[in-house]
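Values in this text are rule-based calculations from the coordinates and carry no lab data. All figures in this text were calculated on a predicted structure; none of them were measured in a lab. With ideal geometry, Cβ positions are generated from the backbone for all residues, glycine too; neighbour counts draw on all protein chains shown.
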Amino acid sequence: MALSDQLNNYCERTGPDFWSEPLNAVTNAAFLIAAFVAYLIWHRKTPDDLSVLLLIVIVFVTGAGSFLFHTFATRWAMLADIIPITLFIHIYLFVALKRFLEMPWWAALVIVAGFFGVTPFVAQAVAPIVGSSAGYVTALLAIFVVGRLFYRKDRHLGAQVLLTGLVFAVSLTLRTLDEPLCTQLTFGTHFLWHILNAIVLFRLLRVLISQRAG
């Protein structure tokens, strides 16, 4: 399998053309907007918080990588899509465990390593139900678990994390339905995953900024 191999993973794509997925491509602007607005809030409230700045940059790169995947639709472009969001999930989890749950860095690191190790097995188990969205199920569970524990320490921000988990659940459902609904909805539902997922990432960033800003 070459990195230049063409892929056809989404309902909207009908051929190898660059703009064969216009909705899926253009809606990646939502990630860029989320990163820009989060940057403005970060710059105003916590400009010394480099961890959040790193996550904001990753959200921006996520939008760019996803745009490449939904236009070039090759294996190398898929990597440009997958790697940034994977980095965001694991780095955010590490930071959240340290800040929200006040864990020592080594304990947070052990949990993140365990999370990374168990994700493929969970994905394999739930793949018959959620298909290609299986890899994100552990991220959804992590949001609810961390949010519930954080709620005990900070009811307001913990509730915001839990609400974000609900948005992510809807987003993941729409991603999963892209292929099953393809015959009824020719442009698919994946573009809605982009929009809602950008909202999820923005909300997660805003909670981090709010928690640090006090």
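Overview of results
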item	result
Selection count where residues are in contact (Cβ under 8 Å) with a residue 40 or more places away in the chain, outside any loop (DSSP other than H, G, I, E, B) and not β-branched (V, I, T), scope the range 1-33	6
Residues of the range 101-118 classified as buried (at least 19 other Cβ atoms within 10 Å of the Cβ) and within 19 Å of the chain's Cα centre (by Cα), total	2
Selection count where residues are under 28 Å from L23 (Cα atoms) and in contact (Cβ under 8 Å) with a residue 60 or more places away in the chain, scope the range 47-68	6
Close pairs (9 angstrom Cβ cut-off, 6 or more residues apart or separate chains): without any contact (Cβ under 8 Å) to a residue 24 or more places away in the chain and hydroxyl-bearing (S, T, Y) in the range 161-179, buried (at least 20 other Cβ atoms within 10 Å of the Cβ) and not in a helix (DSSP H, G or I) anywhere	T173/T189
